[in-house]
Amino acid sequence: MKNILTRRSFFHRAATGSAALTWLSSRQIPTVFAADDAKPALLGGEPVHSGGWSEWPIWRESWEPAIIKVLRSGKWYRGAGGHVAEFEKSYAKLIDAKRCLATASGTTSLMVSLHVMDVDAGDEVIVSPYTFIATYNAILINKALPVFADTDPETLTMDSASIESRINERTRAIVPVHIYGMPCDMDPINTIARKHRLAVIEDACQAWLAEYKGRKCGTLGDLGCFSFQNSKHIPSGEGGAVTGNSDDLLDRCQSFHNVGNGFGNFKGERPFFSRGSNYRMQQFQAVMLLQQFDKLILETARRRENADYLTSNLKEIPGIQPARLPENSRAVWHLYPFRYDASQFSGLSRDKFIRALSAEGIPSSGGYHEQYFDGLLDEAIQSRGFKRLFSAERLKNYRESFHELKGNRQVCASTVAIPQNLLLAERRDLDHIIEAIRKIQKHSAQLAKATA
Ligand SMILES: Cc1ncc(COP(=O)(O)O)c(C=O)c1O
């Protein structure tokens, strides 16, 4: 088949051969770049994609009876009914963990885990800087210092080579983040943790079903943390979970999240086993989540297949570098990221590239920025508590160390990330993403000059 199709013949083929274009069966190479010649949409041309994308979250009418049953039962809180415990069993089974504790959110799952791994006031925790702000905050709320490892520009996850130089006598834990659902390279992280006797808490809040060397994220360290917030692949408005393979740790998690009531091995030792809070999941959240296991599995397969398709095509475009995954691992793509090199696009800035892509009907974002310069950490380290817990010299060095995060700076400045719902689209719509990027590249000199 000739490689360059006209736009019209493509749509004809797409219409007549739509079965062949479905995501499960189609593995064809995209060949549809005739719109290269069209004017960029940012400069008034026709957008490459005008059909919209799938909404998120998606719910099904078939879920309603189970939710209404909880409503009518009046058994809404965890202690009154069995849905939360049922969810915990099912989720543990789904990711091959021995145990799971459901929590109110991903943030509270991190707080539970940090407490149980004995991260205390005045401790330090090595964490990935390229993450949602909740990862930093959970550490700060424990009055511990989040010490940032650098980010590997190729994988966008924690660069294990940067960990050891940041370990000192106060370091208690490492928190790698499987960002965008891409597994961190956990073997070297676990080796360093074992060598220095540090806890490993995986922030798997974006990594439901992601896999590293045949094991699921959330089972690779001491404890794993998940989020089921509204935007997530398995959402219940708010919600979270801690997973792990140690009964002792999970019993402690249960206790802490339930105002310190003893549980399992620690039941009945004394009226309240430990300090604690109320981080319990509601029955409504659990019943929502229990409906979504099949959907999560099917959609994960679809996102994977579509992400592979994008990667195999986008890596051929000069200046577009899809993320590299660790060997023998499988991502789940909460976002699909690639690094953008403006020099291959006539100097067109990353922000303008994103605007041009949006005008072509393809939503995207620049991902996380260098959040440690935003003032949150200044506010924390200038607080009375932190000043009491850390020496002025340590806090000064800490603040200066943000400038050493060169890999993270590169990632923050050059990433473009496509939202997960686009990966649920049909193959012909995915071709529009590829087509739009090629079109922008072709017209990049004109776009770079334009004031639009
Ligand atoms: C990487 C990461 N960590 C932690 C969280 C916190 O989860 P939640 O919003 O459920 O509290 C999120 C949620 O967006 C996240 O993406």
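Considering each residue of segment 179-187 in turn, at least one proves to be surrounded by 24 or more Cβ atoms within 10 Å (Cβ to Cβ), near the ligand (Cβ under 10 Å from one of its atoms) and closer than 16 Å to residue 126 by Cβ. Suppose the filter is more than 30 Å from residue 45 (Cβ to Cβ), in contact with a Leu (Cβ under 9 Å, 6 or more places away or on another chain), in a helix (DSSP H, G or I) and modelled with pLDDT of 95 or more; does residue 353 pass it? No. Tell me whether segment 277-284 contains one or more residues that are touching a residue at least 12 places away in the same chain (Cβ under 8 Å), assigned to a helix (DSSP H, G or I) and more than 19 Å from residue 158 (Cβ to Cβ). Looking through segment 277-284, at least one residue is touching a residue at least 12 places away in the same chain (Cβ under 8 Å), assigned to a helix (DSSP H, G or I) and more than 19 Å from residue 158 (Cβ to Cβ). The C-beta contact set for segment 232-248 (first residue among the charged types (D, E, K, R), second residue at pLDDT below 95, distance under 7 angstrom, 6+ apart or interchain) comprises 247/264; 247/265; 248/265. When residue 345 is tested against the conditions (1) hydrophobic (A, V, I, L, M, F, W, C); (2) surrounded by fewer than 21 Cβ atoms within 10 Å (Cβ to Cβ); (3) over 20 Å from the mean Cα position of the chain (by Cα); (4) at pLDDT 95 or above, the lone failure is (2).
Taking the stated definitions as given, is residue 80 modelled with pLDDT of 95 or more and not assigned by TED's automatic domain parsing to the domain that holds residue 358? The answer is no for residue 80. Would you mind finding the one in 173, 193 that is among the aliphatic types (A, V, I, L, M), within 16 Å of the ligand (Cβ to nearest atom) and touching an Asp or Glu at 6+ places or on another chain (Cβ under 9 Å)? None of the other options fit; the residue is 173.
Can you find, within segment 123-139, the residue that is farthest from residue 159 (Cα to Cα) among those that are assigned to a loop (DSSP other than H, G, I, E, B) and within 8 Å of the ligand (Cβ to nearest atom)?
Only one residue tops the list, namely 132.
If you take the residues in segment 235-253 that are closer than 17 Å to residue 285 by Cβ and surrounded by fewer than 24 Cβ atoms within 10 Å (Cβ to Cβ), which one is nearest to the ligand (Cβ to nearest atom)? Among residues in segment 235-253 that are closer than 17 Å to residue 285 by Cβ and surrounded by fewer than 24 Cβ atoms within 10 Å (Cβ to Cβ), the one nearest to the ligand (Cβ to nearest atom) is 238. Within segment 320-341, the set of residues being over 24 Å from residue 208 (Cα atoms) and surrounded by fewer than 18 Cβ atoms within 10 Å (Cβ to Cβ) comprises just one member, 341.
The values are calculated or read from the model by the stated rules, or taken from the named source; none is laboratory data. Just so it is clear, the model here is predicted, and its values are computed rather than measured. All Cβ positions, glycine included, derive from the backbone under ideal geometry; neighbour counts span all protein chains shown.
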